[in-house]
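Trainee: My questions all concern the structure below.
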Amino acid sequence: DLEALQSIEHKLVEALQKENKDLKHQAEQLEKDLDARAVEIAQVKDNAQSAMAELEKISQQRIDEVVAEHERTIAEKQTEIAKLHSNMEELQARASSLAGVSSSAADAQLAAQGLSASALYSEL
């Protein structure tokens with residue numbers, strides 16, 4: 001009877017030891033799986049950060065390009081405005097010059113008409 005109990009006890013100890021060994025193995029496997037997942041998560045996080053940095057870089061480049069294009073457009077428009085001002089000044093100078101010539105020509109014409117009128121009068 002004692003031997004039977006000892007045999008049962010021995011079998012229970014063996015079963016518990018085997019179960020303990022299996023549980024340790026499962027725990028080790030779960031730990032390895034968790035470590036592998038942690039590495040994957042870290043890689044995904046790094047990839048996401050790299051992608052965000054690249055997007056920010058591309059966005060900043062595009063912003064810089066748009067700003068540069070606007071600055072070029074503004075400079076071109078300022079140049080056009082300066083040319084228009086120069087042309088206006090030139091036209092105003094020509095108009096003033098032509099007004100002076102027209103005035104002188106009108107004065108000369110009136111003087112000539114005055115002379116011819118007095119010459120005609122003296123002949124009469």
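The values are calculated or read from the model by the stated rules, or taken from the named source; none is laboratory data. If you're wondering where the values come from, they're calculated on a predicted model, not measured in any experiment. Glycine also receives a Cβ, built like all others from the backbone with ideal geometry; neighbour counts cover every protein chain displayed. Accessible surface is based on the protein model in full, side chains and every heavy atom, while ligands, DNA and RNA are left aside. Shrake-Rupley method; radii C 1.70, N 1.55, O 1.52, S 1.80 Å.
Trainee: If the requirement is being out of contact with any helix residue (DSSP H, G or I) (no Cβ under 7 Å at 6 or more places or on another chain), surrounded by 10 or more Cβ atoms within 10 Å (Cβ to Cβ) and modelled with pLDDT of 95 or more, which of these qualifies: Glu14, Glu89?
Mentor: On the way: Glu89 fails: modelled with pLDDT of 95 or more.
That would be Glu14, the only listed residue that is out of contact with any helix residue (DSSP H, G or I) (no Cβ under 7 Å at 6 or more places or on another chain), surrounded by 10 or more Cβ atoms within 10 Å (Cβ to Cβ) and modelled with pLDDT of 95 or more.
Trainee: Any idea which of Ser59, Ser96, Ser103, Ser116 is at pLDDT 95 or above, assigned to a helix (DSSP H, G or I) and among the polar types (S, T, N, Q)?
Mentor: Being at pLDDT 95 or above, assigned to a helix (DSSP H, G or I) and among the polar types (S, T, N, Q) holds for just one of Ser59, Ser96, Ser103, Ser116, which is Ser59.
Trainee: For residues in the range 27-62 being more than 19 Å from the chain's Cα centre (by Cα) and of a type in the set (Val, Ile, Thr), which is most open to solvent (accessible area, probe 1.4 Å)?
Mentor: Checking each candidate, the answer is Ile41.
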